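Below is one structure, written out as structure tokens; the observations come after it.
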Amino acid sequence: MKKINFVLPANYNRAVGGFKIVYQYANELAHRGNEVSITFLFNMRGKSFILTGFEKTINSKLLTYVQHKNEVTWFNLDKKIKIYYDLTRPQDFPDADVVIATAAPTTHIVSKLSESKGKKYYFIQNFETWFYKGSTERVNETYRLGMTNIVISHELRDKVYNATNKEPEYLPNFYNHEEFFLENPIAQRKNTVSLINHIHDVKRTKLGLEILAEVKKEIPDLTVELFGAYKPITELESYVNFTFNANSKQLRKDIYGKSKIYLLPSVLEGWVLTGMEAMASGATVISSRIGGITDYANDDNSILITPDDKESFVTEIVRILKNDSLRIKLAERALNDVQQYEIGYSTDKLEELFLR
């Protein structure tokens, strides 16, 4: 049994893929008898934290303004997990055997923690330049802080190796097989395409909706299932249905599970957890050919397209919607391929790493 502390950015109690993976690891590790804690940081933007004598007063006022949350309600965390909210000082971190930074800004404080706070790991889930106004070098600096780097994709492996000249640990992601599985038959689906709504530019939600507007001209009975933790900022067309904060059952049954296609027009992803969930629910993935998704999606189980090639996206979506035999072949192959990505395997690898 080990004491394991995951260090996360500030908590807004909003469904985020990277947080979900950490929460799932935390639950599984706790289930295996480890003493697990989750530490949420307060200040995410700088290398230093608020250390003035007035920090409690300042933090209280700022917390009200930025709406940090002292609860997690969107995910069912094991009650044995200890949670620390809005920490700003290294001495307030719990003692542990292992401490894991989970986002670029969390690395600065974790790398400086005393030995009593645990052996230091950096769980790298994306190339997070947005934290540093697009600076690649600032992100690369986080890889060189002396922690054990863990990457979730081969593209991230290459980026970390190029920055450090040292091989990182590779730990593939997974999805929850009890939440995502084939509930609705693959063959018996209407012309429905699902798409995530996100405020981050790299997700290309706006482009996705533009693509589907063009598809609608060729496929008059097209419907779109849009979902996400952020509400749309523009008015949606009548054929677009939006689900806010969809739970796993809604995603499995009413969104991925009703879709012939899950559209992923992103230009940057760490892994694309939603792609695996869609595959497990029987949707055919049509995606940008980018790192992260290519760890599990390929030309035999998906349609992969040059990022931002709007015309090709339209052409391929129309082709797949009109060719059920090809769609079913791709979806069935994908459903089979993603079965290997399960939490037990990944947690075994993580625990082996902690024992080295």
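Which is β-branched (Val, Ile, Thr) and touching a helix residue (DSSP H, G or I) at 6+ places or on another chain (Cβ under 7 Å), of ILE233, ILE211, ILE152? Steps first, answer last, please.
Details: ILE233 fails: touching a helix residue (DSSP H, G or I) at 6+ places or on another chain (Cβ under 7 Å); ILE152 fails: touching a helix residue (DSSP H, G or I) at 6+ places or on another chain (Cβ under 7 Å).
Result: ILE211 is the single residue among ILE233, ILE211, ILE152 that is β-branched (Val, Ile, Thr) and touching a helix residue (DSSP H, G or I) at 6+ places or on another chain (Cβ under 7 Å).
With the structure loaded, tell me whether LEU304 is farther than 21 Å from GLN24 by Cβ, among the aliphatic types (A, V, I, L, M) and outside any helix (DSSP H, G or I) or whether it fails that test. Break it down stepwise before answering.
On the way: farther than 21 Å from GLN24 by Cβ: yes; among the aliphatic types (A, V, I, L, M): yes; outside any helix (DSSP H, G or I): yes.
Spelling it out, LEU304 is indeed farther than 21 Å from GLN24 by Cβ, among the aliphatic types (A, V, I, L, M) and outside any helix (DSSP H, G or I).
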Quiz item: Which one of the conditions (1) open to solvent by less than 20 Å² (accessible area, probe 1.4 Å); (2) within 19 Å of the chain's Cα centre (by Cα); (3) under 19 Å from ALA297 (Cβ atoms) does PHE123 fail to meet, given that it meets all the rest?
Solution: (3)
Quiz item: Can you tell me which residues in segment 292-301 are surrounded by fewer than 20 Cβ atoms within 10 Å (Cβ to Cβ) and assigned to a loop (DSSP other than H, G, I, E, B)?
Solution: ASN298, ASP299, ASP300
Practice problem: Quickly run through segment 220-239 and pick out the residues that are of a type in the set (Asp, Glu), within 20 Å of ARG189 (Cα to Cα) and surrounded by fewer than 13 Cβ atoms within 10 Å (Cβ to Cβ). | Solution: ASP221
Quiz item: Only one of LYS217, LYS206, LYS166 is open to solvent by 50 Å² or more (accessible area, probe 1.4 Å) and within 24 Å of PHE244 (Cα to Cα); which?
Solution: LYS206
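Take segment 307-343 and flag every residue that is in a loop (DSSP other than H, G, I, E, B) and open to solvent by less than 40 Å² (accessible area, probe 1.4 Å).
In the first step, residues of segment 307-343 are kept if they are in a loop (DSSP other than H, G, I, E, B); the result is 307-309, 323, 341-342.
Result: TYR341, single match.
Any chance segment 194-205 includes a residue that's touching a Lys or Arg at 6+ places or on another chain (Cβ under 9 Å) and over 30 Å from LEU236 (Cα atoms)? Walk me through how you get there before you give the answer.
If we filter segment 194-205 for residues that are touching a Lys or Arg at 6+ places or on another chain (Cβ under 9 Å), which is where we start, we get 194, 196-198.
Within this subset, residues satisfying the condition of being over 30 Å from LEU236 (Cα atoms) are none.
Scanning segment 194-205, I find no residue that is touching a Lys or Arg at 6+ places or on another chain (Cβ under 9 Å) and over 30 Å from LEU236 (Cα atoms), so the answer is no.
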Practice problem: Pick out the one residue from LEU353, LEU304 that is open to solvent by 10 Å² or more (accessible area, probe 1.4 Å), in contact (Cβ under 8 Å) with a residue 12 or more places away in the chain and touching a Lys or Arg at 6+ places or on another chain (Cβ under 6 Å). | Solution: LEU304
Exercise. Being open to solvent by less than 70 Å² (accessible area, probe 1.4 Å), modelled with pLDDT of 95 or more, small (Gly, Ala, Ser) and within 23 Å of the chain's Cα centre (by Cα) narrows it down to one of SER153, SER135, SER194, so name that one.
Key: SER194
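The values are calculated or read from the model by the stated rules, or taken from the named source; none is laboratory data. Everything numeric here is computed off the predicted structure, so don't read it as measured data. A quick note on method: Cβ atoms are made from the backbone with ideal geometry, for glycine too, and the neighbour counts reach across all protein chains shown. Ligands, DNA and RNA are excluded from the accessible area calculation, which covers all protein heavy atoms including side chains. Shrake-Rupley method; radii C 1.70, N 1.55, O 1.52, S 1.80 Å.
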